[in-house]
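What follows is a short report on a single structure.
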Amino acid sequence: MAGTGGGELKYEMAQNAYIKLVLHALKHKTSAVNGVLLGRTSPKNESLVQIEDSVPLFHNHLGLLPPLEISLIMIEEYYSARGLGVVGYFHANERFDDTELGNISKNIADHISRYFPQAAVLLITRSLKLYQKGKTAALLCRFVSYASMAF
């Protein structure tokens with residue numbers, strides 16, 4: 001993934017941030033879930049985005065934008081005082097066989113990338129085919145660079 005300076009863009013996610021988004025998806029396994037990723041660019045390396053926290057938002061249909069806008073304003077206000085900003089978005093579809101990012105999710109990612117160009121989308125894949133019997137199953141996540149998304 002290309003960074004803003006032309007270098008390779010990398011992401012580090014804190015364990016707490018990952019656990020929150022996974023538990024949100026597991027709790028609402030038959031609903032689409034989403035949330036934002038919070039963090040900052042590494043002071044030592046601008047092509048490294050450090051994801052420190054995640055905030056689950058909704059576990060229902062995403063058709064209403066006013067609640068989303070209010071949520072983003074409140075999150076930004078609260079976390080900016082702690083030195084963190086919105087650096088990405090996570091989403092899990094309600095259908096287990098759906099591994100594509102929907103139009104509303106793409107629009108949310110577009111909005112976030114206007115304020116943070118290195119923004120990433122984390123798509124949580126919940127396909128049962130991806131789990132092997134007898135092994136500990138974890139949700140599979142895929143980072144999608146915003147710049148690489150085809151609209």
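Screening residue 105 on (1) part of a strand (DSSP E or B); (2) buried (at least 19 other Cβ atoms within 10 Å of the Cβ); (3) not hydrophobic (A, V, I, L, M, F, W, C) shows it passes everything except condition (1).
Scanning region 70-96 for residues being farther than 21 Å from residue 39 by Cβ and modelled with pLDDT of 80 or more gives a total of 2. Among the residues in region 53-68, are any of a type outside the set (Gly, Ala, Ser), surrounded by 15 or more Cβ atoms within 10 Å (Cβ to Cβ), assigned to a strand (DSSP E or B) and at pLDDT 90 or above? Yes: region 53-68 contains one or more residues that are of a type outside the set (Gly, Ala, Ser), surrounded by 15 or more Cβ atoms within 10 Å (Cβ to Cβ), assigned to a strand (DSSP E or B) and at pLDDT 90 or above. Condition check: free of Cβ contacts under 8 Å to residues at least 12 places away in the same chain, more than 15 Å from residue 122 (Cβ to Cβ) and hydroxyl-bearing (Ser, Thr, Tyr). Does residue 71 satisfy that? Taking the combined requirement at face value, the residue does not satisfy it. One residue is enough: does region 126-147 have a residue meeting the conditions modelled with pLDDT of 80 or more and touching a helix residue (DSSP H, G or I) at 6+ places or on another chain (Cβ under 8 Å)? No, there is no match, as no residue in region 126-147 is modelled with pLDDT of 80 or more and touching a helix residue (DSSP H, G or I) at 6+ places or on another chain (Cβ under 8 Å).
The values are calculated or read from the model by the stated rules, or taken from the named source; none is laboratory data. Remember, predicted model here, so these are calculated numbers, not experimental data. Here the Cβ is made from the backbone with ideal geometry for all residues, glycine too, and neighbour counts use every protein chain on show.
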